[in-house]
1. So residue 121 fits all but one of (1) surrounded by fewer than 18 Cβ atoms within 10 Å (Cβ to Cβ); (2) in contact with a helix residue (DSSP H, G or I) (Cβ under 7 Å, 6 or more places away or on another chain); (3) farther than 24 Å from residue 14 by Cα; (4) in contact (Cβ under 8 Å) with a residue 60 or more places away in the chain; what number is the exception?
2. Outside any helix (DSSP H, G or I), touching a helix residue (DSSP H, G or I) at 6+ places or on another chain (Cβ under 9 Å), at pLDDT 95 or above and closer than 16 Å to residue 136 by Cα, is that true of residue 6?
3. Taking strands (runs of 3 or more DSSP E) that do not extend beyond region 30-116, which have at least 2 residues that are in contact (Cβ under 8 Å) with a residue 60 or more places away in the chain?
């Protein structure tokens, strides 16, 4: 069986209808025997909305806290897609970076992925579960 990693950006998951379209695409690929790991961005406009909220409370938001706020957009998309897949009868788990040990290095909002503990993802795939991973997230040595 083939393994594909598919990444869906903000426009692709921009509203519930688009999330349904993504779920339908995932369903088609699964029917053709392809294992999938899905990575999602925040819904279109959500990151800008969250940054604007941060700037309302702080003219110069702390980079760590701004990153902590921004990633909630990806978490929302991942959970909504997993819920949509469940509604279609497709088992799915959404994951944040810390749940799968996705290590990154570099400054907040510019870090690069260095390693990932893929054991949960492999376990899901072996059990027929579609993992949906939040994009724009990573953990460093300090968590």
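The values are calculated or read from the model by the stated rules, or taken from the named source; none is laboratory data. The structure displayed is predicted, hence computed values, not measured ones. Positions of Cβ are backbone-derived with ideal geometry, glycine not excepted, and every protein chain shown enters the neighbour counts.
1. (1)
2. yes
3. By residue number, 34-40.
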